[in-house]
Each structure stands twice: as structure tokens, then as C-alpha cells.
2 protein chains.
Amino acid sequence: MARSKGLTTRSEDYSAWYLEVIARGQLLDDSPVRGCKVLRPHGYAIWEAIQRQLDDRFKATGHENAYFPLFIPMSFLSKEAEHVEGFAKEAALVTHHRLRAFTRPDGTKGVEPDPESVLEEPLVVRPTSETIIWHMYGRWIDSWRDLPLLINQWANVVRWEMKTRPFLRSAEFLWQEGHTAHATSAEAVEEAVKMLDVYTEFAENVLAIPVLPGRKSARERFAGALETYTIEAMMQNGWALQSGTSHFLGQNFARAFDVTFQNEAGERELVWATSWGVSTRLIGAVIMTHSDDDGLVLPPRVAPVQVVIVPVYKEADKETVLGAANKLFRELKGRFRVKLDDRDNLRPGAKFFEWEQKGVPLRLELGSRDVAKGQAFAAKRTGGKFGLDLEGAGDRVSEVLDAIQAELLERARAYRDSMIYSVDSREAFDEKINSQPGFYLVPWGGDTADEVAIQEATRATLRCLPMEQPSVEGLTCPLTGKPSVEWAYFARSY
Amino acid sequence: MARSKGLTTRSEDYSAWYLEVIARGQLLDDSPVRGCKVLRPHGYAIWEAIQRQLDDRFKATGHENAYFPLFIPMSFLSKEAEHVEGFAKEAALVTHHRLRAFTRPDGTKGVEPDPESVLEEPLVVRPTSETIIWHMYGRWIDSWRDLPLLINQWANVVRWEMKTRPFLRSAEFLWQEGHTAHATSAEAVEEAVKMLDVYTEFAENVLAIPVLPGRKSARERFAGALETYTIEAMMQNGWALQSGTSHFLGQNFARAFDVTFQNEAGERELVWATSWGVSTRLIGAVIMTHSDDDGLVLPPRVAPVQVVIVPVYKEADKETVLGAANKLFRELKGRFRVKLDDRDNLRPGAKFFEWEQKGVPLRLELGSRDVAKGQAFAAKRTGGKFGLDLEGAGDRVSEVLDAIQAELLERARAYRDSMIYSVDSREAFDEKINSQPGFYLVPWGGDTADEVAIQEATRATLRCLPMEQPSVEGLTCPLTGKPSVEWAYFARSY
């Protein structure tokens, strides 16, 4: 692909392209704190759109929001053995609660942690909240009447990551974490799968990202889970991005925090648990799925600005054009996230460029000739220009935005489907995944050791065991030579 | 007042009453982390209602949301001298980024901060974000065209408080903090005052809390501000609650972080700043302003459940009654936050009690005789029972909720106004404020030393210098004997 408007193209350098799209879209910036980023207004507004639409879905499925402490006593983390194993290496620890002033030998002043303020027990800045939440559930759950308990939390979490990448991996990130408690194992599994379905539907209908729903292999499970469900998306470089997970936690956390309930027969039983979450990583998924060599492309349902109106005028027709632009703005304002760009100190071309970089799905240009024709000149961010009648503009804009939303999903799905491959031998796999990254669907028969060996040789991992499982009877696993057990997707991933 | 339904009354023990109202309303719970509380679903939902309605107001006044890191390098805090002074004593400090396992002498295992993971520079968990935000503003602001910059953040903050009280004071709390940058001093002052107006209007129209808007005295200003504006509410014990503040920060943070802009004449100037915030403390204000000796009372605009429908039936008429209740529920569902309490295992009386404790403004009981009459039996949480026609119930419910909202504001205003006092001598003040807590409006003429002396003797502080300032010409300050300079409110406060 040709270099376009000074942006590195995807084919030239995919990683550089991703960083440039983010910088030009003013989505995120580096911060002076290692591994932490700043979500700029245009980036944060995507998160707000995600939040509202996901939150509606959580509430429609019976969940309520709550808020639990940021800090977790260090000893809590150790109560579930696998859990502490999973998070100990990236735990940010609060050890003091006061600063004191001091004077340096050169006479300048500074502050330092006050040694008199050391905490009795260090606090972990939450990497996830199972432990503190299950401690609280122990106080709230007593009888079968208290179940199910269906709670979600919108929060920041911290995992001290050494390698970071904007939106995909950082020391602090924003997410939601659902934590539910149930009377039976079957009900908890049903909940975990239901929330995976919510994520799948949301990814497709709101983010326009087709995803593969499935289960993780034992090796890739969440620390403390009996089963981890996942949705896997494909980026334009053929790499997978884990975009949301839902865990069936069995009775592990109930056991660790001694959470029991009295069943209808009057006996005490341990409670069953799930947890599930998505994060600001979804913004990275949106950027990488839809953007092109001209920069950011956003699906209308999460675009902070869905429509921008750019009046194009000379001094002589300024009043007419601005009048019509304002009228159009007022008409669209209640129904869409719309901007009227009437800045006087920028040329139209510069405005077009800026809004393009910000991924605005629909631009409406309005010049005096357009006004005379009773039209705006419409340009879709996904390509295509046409006259749009000012009369009844609202309904027409609504149709165009819906069409763009559908077009993006279709395009992403066609692209994804074109990159799902099969192989008939380990040799073919090792060679092909280098030149043709994508999802490799195989009738898998291996174990954890086989997964490790494959990752070491190819950097590919088992992304998921898809929910849909046609029969593998009589098949042999091409990657291990063992009898096939179930279908699995392998891919390189972020 | 008589003891009611087992709740401590306000007159018996105001503090105990407050804690019981919160516990029975299931708003908040203690956590295992010192000074940190858990916002339970019914409490968090009040915060969600506050957030949405405030956020709409911020956006309508041109602000955008963003998100800045939780952690602030220790050295940043010291860059503004007064600021570090204000926050050093309650700073939670992250010093390590990893846990390691160890074995105790008795053979048991544990985890501890890994000494190999000590951070080069400790990080402060944000107590407020001026420093990190102004560091970023230095990267984003270059020209007058970049101004004003109007950003808000919804976030958690941590201030290591030794004395905590639910909602009013805790180590971690949720809030919003606006941070704006301007080309001129006048514009920044205008912004700070505008946001105080937004808070004032919001407190009255949404929370039904009448507030006194004013300026803080030099002694009570935010650490680093040239002027702090405040809204002060009065609780039912006559104590003041500072409910929101807006600061004119001058060029202090621009100077500390070297943030300049090129003005239209081509010269570089330091940028002018404001910041403003409200927190989950507002939930405490709502509880203490409106609740009564029967428990929680919530204004309809922030009530998580505005209307509860309780069907009252016997086995014989169950179908008829539940059918009518469901029909009513469907009719109200799109317009209100409504619950249908059709639990089979609770008697109607127990349900009434539960929803009363949760502060639901309007209860609609529906029995077979009501259904036959085409009515529900309505009970307002603020008192008053009447038949409500099922035909056109939506419009009628809307009217009733508006009336309750107005009634609560009126009642709170009348109460507040009845507790504004004047005094003509320091002796009278010292005596009266003990027996009659409230707002004392005086033509003040003192200084910081006088404020300290008054606080030491009476525990009362200068709450604000009200925005409305009639002339004090010729008056003498009754508290100091000095010539009056401006009107001031004194009160005891949380």
C-alpha cells in the first residue's frame, strides 16, 4: 500500500502504524509514571461509550454495580494458592502512609517516606478483586435467599507490567470486573457462559469486531479458575487479541474465604463463583480492527464524534452557509454525537484532515452551492461521497451511520475469515505461521507440554477451544500426531 | 421524638442514628482495609445517579472527561510548596513492585515485599491530581489556540485519614476533579465561579439540598489556591458540611510545571488554572439532610429505586393481582427506576419495611380491592397516602415524584433557614453555639489568628464568606470587636 498523508502504512511497519494512529487521533499520551498512560479526552470518550452500552447490558441481565477498596491486604492474596502465584510478580505495594520533609547536604529540601509511618501489613494495589470481594461476600451471604449475588465493579487496576503497549498492556488500566455468587455449580457455569455471550454480542454489534468465543486450555486459565472462557479477536496483522474473559471459579474463593450458605434443606454448603471482565484493551482492539493507512476509523456506536459538520465559505456567503450549518447542527444534535466545526482560524482542508485522524465516521461539508441545492456533501470515513438532502437529514444520517457500522463489521469479518487457516503437519504449521499469521484451526490432541513446545518454536499459543465443536472422531492432531480431542485455534497474540 | 421501629432517633444520638440509617439502607459496609469502605449496590447506585446528572452538566458547559495515572512521582508533589504541605501527612506510598514467597521458621509459607523490587522513586497514590495533570498540560499547551483546556476526571483518590466517618471522610473515596487552563486570570476566575454555580444548582435541583455558596477564608483555602469557593450545606444537627469546592489556582501550578503559552501578540505567558470537585461525600449530605427517625429518605432524582410496586394477595386472587401489578410495572418501567417486589417468601409488611429503610420515595400497594377500584394505594416516604388511578398512572407518578422532590427541598430549606442565627457578642456566640448549633451569620472583621482562637474555644470555623455581600459599613464584628469587613458564616462542621 502506498504511503498516505505521511502516516506509516500497515504493511511498512504495523507497530509503528498503530502508535501513529493513536498519537494523531489524540487518544492517549505517555505519562511520567513507568507503564502508566494518560487517556486523552478523545480516547476516554470511546471508553465512556463502551461503558454505557456494556453497563446497560449488565443491568438488563440482573447485575448491580458496587465499589470495593483499591487496597488489598497482602495476606488476602495468599489465601488462594494459584491466585497469588499469578499476581505476586506484578504487585504494586503500599508500605508507608506519610511523607516527611528533609534537607539534603547541599541545603536543598526534599520529601521522603516517613519511616515512622510504615504499615503493619503492606497493601497490594488491586490487580483484580476476587479476594477482597469474597471476603465481603462472606459477610453478606448466609442463606440460599441471598443467592445469586450478581455484582459488577467499574474500576482501575494495577499490574506491574515490564513490557507495555498502548491500550493493550499497561501498569494501570481501567476495566470492569463482575463477581457473582451462586448456589450450584451448574448455575455458576451458566452465568459465566451467559456473560461471554454478552461480550460476544457487544463486540460484534457495538465494536463491529467479530470474535471467536471459546474456552481456554488449562495452561491459559485465569489464576484460580476451573474454566476460563474467552473471546478472541483478530487484528489486521493476523495476530490474536484476547478481548474479554469470563471465569468459572468453582468453590476456590469460597473455600479460601470460608463463604458458605444454608441451603433449602438447612445444610451449609460452599458458594460457587464466577468473575468476568473487559478493559480499555477493547479500545486497542477497535483501533487495530478498523483503522486504515489514513489513520483512525471508528464504528459509529463508539465514536465520540459520529458526525462532523464543516461549513465551507467565503466572506460573501459566510452568513448563509453558517446559518444553514447551524440549522443542520441543531437538527442532528439531539440524535447524534455531532460537532459543528466553525473555527475561523483553520482552512477546511485542515479540518477535514483533523477529523479524519480522529476517526469520525461521517463528515458533512456545507458550501453555498450545497445550500442552494438543499444538500450537504457527505463523505464517509470508510470511503464514498454523495449529496445528502438537508430536508429529513436526521433520518438519512441515521441510515448512513447504521450502514457504516454494518460495513465495518462485514469488512472485519471477511478479513478475519480469510485469515483462518488449516495445516496438515507440524512442519507446515511452523513454516506457514511465520509468513501467514492468522488463526490456525486444528483438531487438537496435545497437552500443556505440547503447547509450551509449540510456543517456544513458533511464538503461537492456543487461543481457544471454540464453543462450537464439530466431531473430531477419527482425526489425528497435525501438531502432535496424537489422536484429536477437540478443535482449537492457535495464533500469535498480543 | 419517639423511638421508631427500633432505630435510634436523631434526638437521642445523631451519630448513632446516621450509622444505623446507612446500615439498614445497605448503602455501605466496613472493609478489612483501614479507613476504606465498601459502597454496596444501593449506595453505589446513588453515586451513579449523581455522576450521570453532574456529568451532563459538565459536558453542557464545554468540559470533556479524561483519565490520568493513579500514581504520582513523589518529587512532583513537592514542586508546589503549599500543595505538598497540604498532602504530605496523608500520602499512601508505593515503594515495591513485586511480592516474593518465603518460609517461616515454623515451616508455613507467606509472601513479603521483594527487596529486589524497590522503586527508584516512591509513588504517591493520588490525593488529588493537579501535579500530574499540569505536567501533562505542559505537553499539550503551546499556543492561545490550545486554550481554554477544560478537562474533568472521575476517579478514586486516597488521603490517609486517621478519623473516618461513612461517606464523609475515608482513606479512599470516589470523586470528580475538574482541571482547567486559561489564557487570563479573569477567565479562570469566571470558570471557578461558574462551576460553583453548577454545583449550587445541582445540589438544590437534584439532591434537594439548599446550599450557601461563598468563598473560603485564607485559612481554609485549598493547598495551592489563591481563592477557594465552596458550597456549605447544613445537616439536621445544625452542623455544616462542605459539599463541593472550586479553586482559582492562579499561576501556581503553571509556574511549578513550567506551563506557558504563546499569546496572540507572540509573547509567552504562564497559564492560569482552576480545579473543582465533589465526592461521594455528597451521598452523606443527602442521607443527613433528608432522612428521618424511620430511616433513609432519598430525593426521587437520586433514588436508585424511585417507585416500588408491592402486590398484596391471597392464593385466591393471586393471578388477578399479579397480573395488574405486572401491567403497572411495564407501564412505569421505561420512565422511572421502578421495582416490582413479587417475592413469594416475604409478607407485605416486611417488604414495606425494607423499602422504607432503602428510602424509596413512592410505594404503590396493589390488592384485589384496589384492582377492582382501578387504583393502587400510594404511600409517599415523606408521608401521605392516597389512591392512585391505574389509568394514566405514569403521568400521575411523575407528578407525585416531582412533588416529593420539591417538598424535600422546601423542607430542608425551611429547616436550614430556621437555624441561621446572629449574635451580638463573642460571649453570646460561645454560649449559644453549644446549645443551638447552626449557621451564625456575622459581619466579620477578624483574621486567621482570630479564626484559630474561635475554633479552639467553640470548635466552630468560618465556613464561608457568602457570595452575596450586603454592605457592612459602620458595623463592628461581634466576635472580635474589630470593624466589620465582610459577612461570614460560622458553624461547627464535619
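The values are calculated or read from the model by the stated rules, or taken from the named source; none is laboratory data. Not measured: the values here are computed from a predicted model. Every residue, glycine among them, receives a Cβ derived from its backbone with ideal geometry; neighbour counts consider all protein chains shown. Quick note on the areas: whole protein, heavy atoms, side chains included, nothing else; ligands and nucleic acids left out. Shrake-Rupley method; radii C 1.70, N 1.55, O 1.52, S 1.80 Å.
Among the criteria (1) within 13 Å of chain A (Cβ to nearest Cβ); (2) crowded, with 23+ Cβ neighbours inside 10 Å; (3) not in a strand (DSSP E or B), the one B:His179 does not fulfil is (3). Close contacts from the range B:421-447, counting a first residue that is closer than 20 Å to B:Gly238 by Cα and free of Cβ contacts under 8 Å to residues at least 24 places away in the same chain and a second that is open to solvent by 40 Å² or more (accessible area, probe 1.4 Å) and assigned to a helix (DSSP H, G or I), with Cβ to Cβ under 8 Å and a gap of 6+ residues or different chains, come to B:Tyr421/B:Lys432. Have a look at B:Glu410, B:Glu473, B:Glu451, B:Glu456 and point out the one that is open to solvent by 70 Å² or more (accessible area, probe 1.4 Å), over 30 Å from B:Thr382 (Cα atoms) and not in a loop (DSSP other than H, G, I, E, B). Every option except B:Glu456 fails the conditions.
To keep it simple, each residue is scored yes or no on (1) modelled with pLDDT under 95; (2) within 26 Å of the chain's Cα centre (by Cα); (3) outside the structural domain of B:Ala316 (by TED's automatic domain parsing); (4) open to solvent by 30 Å² or more (accessible area, probe 1.4 Å).
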{"residue": "B:Gln357", "(1), (2), (3), (4)": "no, yes, no, no"}
{"residue": "B:Glu399", "(1), (2), (3), (4)": "no, no, no, yes"}
{"residue": "B:Gly438", "(1), (2), (3), (4)": "no, yes, yes, no"}
{"residue": "B:Gly446", "(1), (2), (3), (4)": "no, no, yes, no"}
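Residues in the range A:115-126 that are surrounded by 15 or more Cβ atoms within 10 Å (Cβ to Cβ) and not in a strand (DSSP E or B) were compared, and the one that is nearest to the other protein chains (Cβ to nearest Cβ) is A:Ser117. Here the condition is being in contact (Cβ under 8 Å) with a residue 60 or more places away in the chain and either over 20 Å from the mean Cα position of the chain (by Cα) or more than 12 Å from chain A (Cβ to nearest Cβ) (or both); of B:Ser129, B:Ser185, it holds for B:Ser185 alone. Checking each residue in the range B:209-230 for being touching a strand residue (DSSP E or B) at 6+ places or on another chain (Cβ under 6 Å) and under 23 Å from B:Ile404 (Cβ atoms) picks out B:Ile209, B:Val211.
Of the residues that make up the range A:67-75, is at least one surrounded by 13 or more Cβ atoms within 10 Å (Cβ to Cβ), more than 17 Å from A:Glu130 (Cβ to Cβ) and touching a Lys or Arg at 6+ places or on another chain (Cβ under 8 Å)? No, the range A:67-75 contains no residue that is surrounded by 13 or more Cβ atoms within 10 Å (Cβ to Cβ), more than 17 Å from A:Glu130 (Cβ to Cβ) and touching a Lys or Arg at 6+ places or on another chain (Cβ under 8 Å).
Would you point out the residue of the range A:313-340, among those that are within 14 Å of another protein chain (Cβ to nearest Cβ) and surrounded by 12 or more Cβ atoms within 10 Å (Cβ to Cβ), that is nearest to the chain's Cα centre (by Cα)?
Within the range A:313-340, the subset within 14 Å of another protein chain (Cβ to nearest Cβ) is A:333-334, A:337-340.
Adding the requirement that they be surrounded by 12 or more Cβ atoms within 10 Å (Cβ to Cβ) leaves A:333, A:337-340.
On the way: A:Lys333: 28, A:Arg337: 22, A:Val338: 24, A:Lys339: 26, A:Leu340: 30 Å.
Checked the range A:313-340; the qualifying residue nearest to the chain's Cα centre (by Cα) is A:Arg337.
Would you kindly identify the strands (runs of 3 or more DSSP E) lying entirely within the range B:251-326 that contain at least 1 residues that are of a type in the set (Phe, Trp, Tyr) and either touching a strand residue (DSSP E or B) at 6+ places or on another chain (Cβ under 9 Å) or closer than 20 Å to B:Gly349 by Cα (or both)?
Working: elements: B:260-262, B:268-270, B:272-279, B:307-311.
Hits in the range B:251-326: B:260-262, B:272-279.
Considering the range A:413-426, and only residues there that are open to solvent by 40 Å² or more (accessible area, probe 1.4 Å) and in a loop (DSSP other than H, G, I, E, B), the residue that is farthest from A:Glu204 (Cα to Cα) turns out to be A:Asp424.
In the range B:13-27, the count of residues that are within 8 Å of another protein chain (Cβ to nearest Cβ) and either under 30 Å from A:Pro304 (Cα atoms) or among the small types (Gly, Ala, Ser) (or both) is zero.
Which of the residues belonging to the range A:127-144 are open to solvent by 30 Å² or more (accessible area, probe 1.4 Å) and within 30 Å of B:Glu112 (Cβ to Cβ)?
Across the range A:127-144, the qualifying residues are A:His135, A:Gly138, A:Arg139.
Taken over the range B:58-88, residues that are free of Cβ contacts under 8 Å to residues at least 60 places away in the same chain, over 18 Å from B:Ala254 (Cβ atoms) and facing chain A (nearest Cβ under 7 Å) amount to 4.
For the condition touching a residue at least 60 places away in the same chain (Cβ under 8 Å), surrounded by 15 or more Cβ atoms within 10 Å (Cβ to Cβ), within 30 Å of B:Asn237 (Cα to Cα) and within 8 Å of chain A (Cβ to nearest Cβ), B:Trp47 qualifies.
Selection of the range A:94-114 for residues being outside any strand (DSSP E or B) and either within 11 Å of chain B (Cβ to nearest Cβ) or in contact with an Asp or Glu (Cβ under 8 Å, 6 or more places away or on another chain) (or both) yields A:His97, A:Arg98, A:Thr108, A:Asp114. Restricting B:Gln236, B:Gln251 to residues that are more than 18 Å from B:Ser493 (Cβ to Cβ), open to solvent by 20 Å² or more (accessible area, probe 1.4 Å) and either of a type in the set (S, T, N, Q) or modelled with pLDDT under 95 (or both) narrows the list to B:Gln251. Does the range A:132-157 hold any residues that are in contact with a strand residue (DSSP E or B) (Cβ under 8 Å, 6 or more places away or on another chain) and more than 10 Å from every other protein chain (Cβ to nearest Cβ), and which are they? Correct list: A:Trp134, A:Tyr137, A:Ile141, A:Asp142, A:Ser143, A:Trp144, A:Asp146, A:Leu147, A:Pro148.
Please verify whether A:Val33 is more than 12 Å from chain B (Cβ to nearest Cβ), touching a residue at least 40 places away in the same chain (Cβ under 8 Å) and crowded, with 20+ Cβ neighbours inside 10 Å, treating the condition exactly as stated. Criteria not met by A:Val33. For the range A:214-245, filtering for residues that are of a type in the set (Phe, Trp, Tyr) and assigned to a strand (DSSP E or B) leaves 1.
To keep it simple, each residue is scored yes or no on (1) closer than 13 Å to B:Val321 by Cα; (2) free of Cβ contacts under 8 Å to residues at least 12 places away in the same chain.
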position: B:Arg363; (1), (2): no, no
position: B:Lys373; (1), (2): yes, no
position: B:Ala376; (1), (2): yes, no
position: B:Thr382; (1), (2): no, no
position: B:Lys385; (1), (2): no, yes
position: B:Leu390; (1), (2): yes, no
position: B:Ala393; (1), (2): no, no
position: B:Val400; (1), (2): no, no
position: B:Gln405; (1), (2): no, no
